[in-house]
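Working notes for the structure below.
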Amino acid sequence: MKSGGRQDRLRLEGVRKAFRGATGEVEVLRGVDLSLGAGEFGVITGPSGSGKTTLLMVAGLLQPADGGRLWFDGREVSGLDEGGGAEIRKHGVGMVFQKFCLMPHRSALDNVRFRFRYLAHGGREALRLSEAALERVGLADKAAQAARLLSAGEMQRVAIARALALPPKLLLADEPTGNLDPDSAARVMALFRELNGAGMSILLVTHNAEWAAPGTARWTMRAGCLSRA
């Protein structure tokens with residue numbers, strides 16, 4: 001789908017999402033509209049509990065929306081089942097989760113290689129790409145280390161390496177610098193800017209307003225509502 005003559009990488013229109021709690025239904029996304037162009041860097045800021053993570057989960061087709069419409073690369077993906085969503089993620093979307101989602105007893109390298117589990121990449125090629133991704137985030141020397149023995153910041157960098165081992169068209173990142181020291185955080189953001197400069201679309205969720213500096217598109221989320229910053 002195109003907006004004003006440009007190609008959208010990701011587009012959401014009127015997206016709604018609710019969860020059932022102890023006191024009834026809680027509306028987390030309230031008619032969210034968002035358009036991120038191919039090669040664009042988007043930054044979403046907002047307080048905890050405002051719906052930012054849920055928005056990324058819906059945009060990454062990891063949770064179904066309760067209403068509204070979604071497009072990826074001009075293709076409507078609103079009604080895809082779990083298998084269809086997995087196909088989109090497999091070839092086009094990388095995710096960096098706030099809680100890492102690593103296999104604790106497997107090595108850093110094995111965690112990165114997990115990115116290739118359903119892809120037609122030979123073992124040697126998957127190994128080469130995984131090693132290169134770890135080197136890119138400064139963890140080549142930790143490749144054989146079990147994930148559970150890494151620091152929180154190192155775990156986050158492994159999660160980033162996993163998402164980037166096979167560069168996606170769209171990277172969705174949920175607080176990717178939240179557990180990093182200032183130097184590591186700056187390194188990760190420099191890497192994101194480099195990837196964006198090479199044409200990757202990035203949608204970053206953060207509490208840190210200073211990371212919005214490289215953003216070509218900025219939004220603020222409050223109580224499930226998204227607005228341009």
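Computed from the coordinates by the stated procedures, all read-outs in this text should not be read as laboratory data. Worth saying up front: this structure is predicted, and the values here are computed from it rather than measured. Note that we place each Cβ from the backbone using ideal geometry, even for glycine, and neighbour counts take in every protein chain shown.
Sort the stretch 51-160 into rounded, prolate or oblate with this rule: let a ≥ b ≥ c be the square roots of the eigenvalues of the Cα gyration tensor; rounded if a/c is under 1.5, and if a/c is not under 1.5, prolate when a/b is larger than b/c, oblate otherwise.
Values: a/c = 2.71, a/b = 1.71, b/c = 1.58.
Prolate.
Pop out the ³J(HN,Hα) list for the stretch 87-102 in order, Karplus 6.51 cos²θ - 1.76 cosθ + 1.60 with θ = phi - 60°, rounded to Hz; leave Gly and Pro as x.
Once θ is set to phi - 60°, the couplings for the stretch 87-102 become 5, 5, 5, 4, 10, x, 10, x, 10, 10, 8, 5, 9, 6, 6, 9 Hz.
How many nm is it between the label spots at Q7 and S151, if each spot is 7 Å from the Cα in line with the beta carbon?
Distance between label points: 4.1 nm.
With Rg and the Kirkwood Rh both taken from Cα atoms, where does Rg over Rh land for the chain? Could the numbers behind the result be given before it?
Working: Rg = 17.3 Å, Rh = 18.0 Å.
Value, to two decimals: 0.96.
I need the peptides 182-191, 76-85 ranked by packing, meaning the mean over residues of other C-beta atoms within 10 angstrom, with the highest value on top. Numbers along the way, then the final one.
Numbers: 182-191: 15.6, 76-85: 12.8.
By packing density, highest mean first, the sequence is 182-191, 76-85.
Pop the C-beta distance of E210 and T23 into the FRET formula with R0 = 22 Å and round what comes out to the nearest 0.05. Don't jump to the answer; show the numbers that get you there.
On the way: r = 37 Å, r/R0 = 1.66.
That pair, E210 with T23, gives E of 0.05.
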